[in-house]
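The values are calculated or read from the model by the stated rules, or taken from the named source; none is laboratory data. Keep in mind it's a predicted model, so treat the numbers as computed, not measured. So basically every Cβ, Gly included, is an ideal-geometry build from the backbone, and we count neighbours across all protein chains shown. All accessible areas refer to the heavy atoms of the entire protein, side chains included, with ligands and DNA or RNA removed. Shrake-Rupley method; radii C 1.70, N 1.55, O 1.52, S 1.80 Å.
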Amino acid sequence: MGAGGRMLVDGKKEEKRGSVNRVPIEKPPFTLGQIKQAIPPHCFRRSLLRSFSYVVHDLCLASLFYYIATSYFHFLPQPFSNIAWPVYWVLQGCILTGVWVIAHECGHHAFSDYQWVDDTVGLILHSALLVPYFSWKISHRRHHSNTGSMERDEVFVPKPKSKLSCFAKYLNNPPGRVLSLVVTLTLGWPMYLAFNVSGRYYDRLASHYNPYGPIYTDRERLQVYISDTGIFAVIYVLYKIAATKGLAWLLCTYGVPLLIVNAFLVLITYLQHTHSALPHYDSSEWDWLRGALSTMDRDYGVLNKVFHNITDTHVAHHLFSTMPHYHAMEATKAIKPILGKYYPFDGTPIYKAMWREAKECLYVEPDVGGGGGGSKGVFWYRNKF
């Protein structure tokens, strides 16, 4: 998984980990308008028919995998049936992650020119994956408005060393990192939705299921109620299926693939916003463009296509979030010459990158006097206790 290779920043290959080029923190010598001018105009056009073709494609594959698993796996002799189910889980989990990404496009109004179509499709697809669509859409919009901000970003907000938990240093070893990664990949997404774990600091409990929580304003509460209704409806359907088919059957066909979807979602987001070359800013330094450029494109190999290129075109997505995914690769190629050293890409195989970031990106501190244009308002990842 991942095409291999070393860190690519400013078009040069990294020869060793110690020579990673940080994303520049100086004000970029270009504007958002200049970046947009470099992109062919058709890249911003949304096609309802083409967007729906990806929905149909993914749902057909998911249905095919489900049909094969439920119709033929019980005919397989041991140990082939024990091998077939894990293969199904991985394939189905990957395809359903693609479905999640399409719903994500709907949340950005990148699916079609019709907001009601985007919200209807997004609500159905995300609810089927137990995601509160509008609730997530609202907080995710704020993430895009405040990317890289220490105070206002909404996801994977790094902590200063002074705010780490008392047992964090005891997890700074291989067994501790394995435990942390397992917990993050399995429980990270539901814990974020339910309790805002790894999200922005609020002065009281923040939950994506609570219409009266601090995440939402008065006029957004109805949308949270609609999201909760969608979740309850799907849970009721799942309950009826479990009552008819059995809990084990439901877990094998739906539950385990959903865990894989959640794991991929957390992994993708984590690696997009966690890297020793990426800065974070406090309110004295942050601005929208530098924040949007503080994200990392990654290479997931063949899964780039399965995940509709959310993995390797994330920088372009943060710059122009209403652009449909099927134009994002062309747009990324167009903006690279403009961005230059401000375009971060890491081609490290994903399993290596995941372990490396878990080892090297433990907390953030300002790099004052570090010889790299240090500023009290710019924070970089550290790993030494």
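Computed from backbone phi with θ = phi - 60° and the Karplus coefficients 6.51, -1.76 and 1.60, the 3J(HN,Hα) list for the range 111-119 is 7, 8, 7, 10, 4, 5, 5, 4, 5 Hz; x is used for glycine and proline.
When GluC sites (Glu not before Pro) are flagged only if DSSP places them in a loop and at most 11 other Cβ atoms lie within 10 Å, the longest unflagged stretch of the chain comes out as 27-385. If you work out Cα Rg over 2.2 N^0.38 Å from the coordinates, which of [x] 1.18; [y] 1.35; [z] 1.00 do you get? The value matching this structure is [z]. Between the alpha-carbon centres of the range 317-337 and the range 18-89 there is a gap of 15 Å. Per residue, the accessible area of the range 43-368 comes to 45 Å², computed with a 1.4 Å probe over protein heavy atoms only. Note on the range 100-242: with neighbouring protein chains present and a 1.4 Å probe, carbon and sulfur make up 67 percent of its accessible heavy-atom surface. Note that the range 35-43 has calculated 3J(HN,Hα) couplings of 5, 4, 5, 7, 9, x, x, 5, 5 Hz, one per residue in order, obtained from phi through the Karplus relation 6.51 cos²θ - 1.76 cosθ + 1.60 (θ = phi - 60°); glycine and proline are x. Nearest 10 degrees, 0 to 90: what angle lies between the long axis of helix 48-72 and the longest principal axis of the chain (Cα atoms)? Roughly 50 degrees, rounded to the nearest 10.
Past 22 Å, Cα to Cα: identify those pairs from Lys333/Lys359; Lys137/Lys159; Lys27/Lys341; Lys27/Lys336; Lys27/Lys159, in the order given. Lys333/Lys359; Lys137/Lys159; Lys27/Lys159, as the Cα separations exceed 22 Å there.
Once all protein chains are placed together, Phe232 keeps about 140 Å² accessible to a 1.4 angstrom probe. Counting only DSSP H runs of at least 4 residues, each contributing -39500 (n - 2.57), and dividing by the residue count of the chain, the helix-based mean residue ellipticity at 222 nm comes to -16000 deg cm²/dmol. In straight-distance terms, cross-link reach from Lys376 covers every one of the aspartates and glutamates whose alpha-carbon lies under 18 Å from its own, apart from those fewer than eight places away in the same chain; here that gives Glu26, Glu151, Asp282, Glu285, Asp287, Glu365, Asp367. In order along the range 146-159, the phi-based Karplus estimate (6.51 cos²θ - 1.76 cosθ + 1.60, θ = phi - 60°) of 3J(HN,Hα) comes to 9, 4, x, 8, 5, 9, 10, 5, 10, 9, 6, 7, x, 9 Hz; Gly and Pro are listed as x.
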